[in-house]
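Enquirer: Dumping the structure here so I can ask a few things about it.
All of the numbers you see were taken from the coordinates with simple rules; none came from a lab. Since this is a predicted model, take the numbers as computed values, not measurements. FYI the Cβ positions are ideal-geometry reconstructions off the backbone, even for glycines, and counts take in every protein chain you see.
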Amino acid sequence: MIATETKLKGCFVLEPSIFEDERGYFFESYNQKKFEELIGQKVNFVQDNQSFSAKGVIRALHYQTGDYAQAKLVRVLKGKVLDVAVDLRKDSPTYKEYIAIELSDNNQKQLFIPRGFAHGFVTLSDTAIFFYKCDNFYNKEAEGGIIFNDEELKIDWKVKEEEIIVSEKDIILPNFRNAKL
């Protein structure tokens, strides 16, 4: 596995070593010891989540605050998404900056997003199955969010406006300025 740190400190793209032959392929999707060596920190994942989404669905931008902040290791089991991580760490030189990376069942890339980030994705294929590990349990009182089309962040979701599908919960999220960080 290869880990490449992004422009956002602590946020890594992970690319597995894939072994292919006439039968198909095999790769190790997670090995705690190797993972921690590659990113240079200990992470204890305690919860796995999975979602299924149709094309154009944006699930964004979500985070947990305070003692309930979460680091995530995300990947796509089927389909293709544009995955977005926004740096919310006020003391970071990349505060309010984001990265966007395509994750798919073809490239098998994963993204590690440390605590202190907002996260979201949009489905680019007809459907997608999205899977992620969290290092902290979900807590409703600690959840926060930022509207996907925030004018300050200016995220290019790579989807036509008329194709975007957003939940009722996500469409009423505050803009960056009014978000509880």
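Enquirer: For CYS11, enumerate residues with amide H under 5 Å from its amide H, sequence gap 5+ or separate chain, H modeled in the peptide plane.
Expert: Counting only residues 5 or more places away or on other chains, the set is THR6.
Enquirer: Next up: Given H placed 1.01 Å from N in the peptide plane, which residues other than close sequence neighbours of TYR95 have an amide H under 5 Å from its amide H?
Expert: Amide H neighbours of TYR95, under 5 Å, 5+ apart: none.
Enquirer: Here's something else I'd like to know. Taking the Cβ of each residue in ILE113, ILE2 as the centre, tally the other Cβ atoms inside 10 Å and list the residues starting with the fewest.
Expert: Neighbour counts put them in this order, fewest first: ILE2, ILE113.
Enquirer: Just rank PHE35, PHE45, fewest to most, by other beta-carbon atoms within 10 angstrom.
Expert: Sorted ascending by nearby Cβ count, the order is PHE45, PHE35.
Enquirer: Counting other C-beta atoms within 10 Å, which of ARG75, ARG177, ARG115, ARG23 has the fewest, and how do the rest follow?
Expert: ARG23, ARG177, ARG115, ARG75
Enquirer: Additional query: Could you give the C-alpha radius of gyration of region 1-60 expressed as a fraction of 2.2 N^0.38 Å, taking N as the number of residues it contains? Each step should come with its number before you reach the end.
Expert: On the way: Rg = 14.9 Å, N = 60, 2.2 N^0.38 = 10.4 Å.
Output field value: 1.43.
Enquirer: Something else now. Straight distance only, please: which lysines reach the Cα of LYS42 with their own Cα at less than 26 Å, same-chain residues fewer than 8 apart left out?
Expert: Straight-distance partners of LYS42: LYS7, LYS9, LYS33, LYS34, LYS72, LYS90, LYS96, LYS109, LYS133, LYS140.
Enquirer: Within the chain, what is the longest stretch that has no GluC sites (Glu not before Pro) placed in a DSSP loop and near at most 14 other beta-carbon atoms within 10 Å?
Expert: Longest site-free region, per DSSP loop and neighbour criteria: 29-96.
Enquirer: Moving on to the next point. Taking springs between alpha-carbon atoms closer than 10 angstrom, which of PHE52, PHE12, PHE26 fluctuates most in the Gaussian network model of the chain?
Expert: Highest fluctuation of the listed residues: PHE26.
Enquirer: State the Cα centre-to-centre distance between region 59-126 and region 132-168 in whole Å.
Expert: 9
Enquirer: Across region 156-165, in residue order, what do the Karplus-derived ³J(HN,Hα) couplings come to in whole Hz, using 6.51 cos²θ - 1.76 cosθ + 1.60 with θ = phi - 60° and x for Gly and Pro?
Expert: For region 156-165, the Karplus curve yields 8, 7, 6, 10, 5, 3, 6, 9, 6, 10 Hz.
Enquirer: Which residue fluctuates the most in the chain, going by a Gaussian network model with Cα springs under 10 Å, if the choices are ASP67, ASP91, ASP105?
Expert: The residue that fluctuates most here is ASP91.
Enquirer: Please identify the chymotrypsin sites (Phe, Trp or Tyr not before Pro) of region 68-156 that satisfy two criteria: DSSP loop assignment and at most 11 other Cβ atoms within 10 Å. Which are they?
Expert: PHE137
Enquirer: Further question on the same structure: Give the calculated FRET efficiency between ASP91 and SER51 to the nearest 0.05, with a Förster radius of 35 Å applied to their Cβ-Cβ distance.
Expert: Calculated value: 0.65.
Enquirer: As a test of the formula, what do you get for the chain when each DSSP H run with n ≥ 4 contributes -39,500 (n - 2.57) and the sum is divided by the residue count, at 222 nm and rounded to the nearest 500 deg cm²/dmol?
Expert: -1500 deg cm²/dmol
Enquirer: Under the Karplus relation 6.51 cos²θ - 1.76 cosθ + 1.60, θ = phi - 60°, what is the ordered set of whole-Hz ³J(HN,Hα) values for region 33-38, x standing for Gly and Pro?
Expert: Those phi angles translate into 4, 5, 4, 5, 5, 5 Hz.
Enquirer: Using a 10 angstrom cutoff on alpha carbons, build the Gaussian network for the chain and name the most mobile of ASN136, ASN44, ASN149.
Expert: Ranking ASN136, ASN44, ASN149 by mean-square fluctuation puts ASN44 first.
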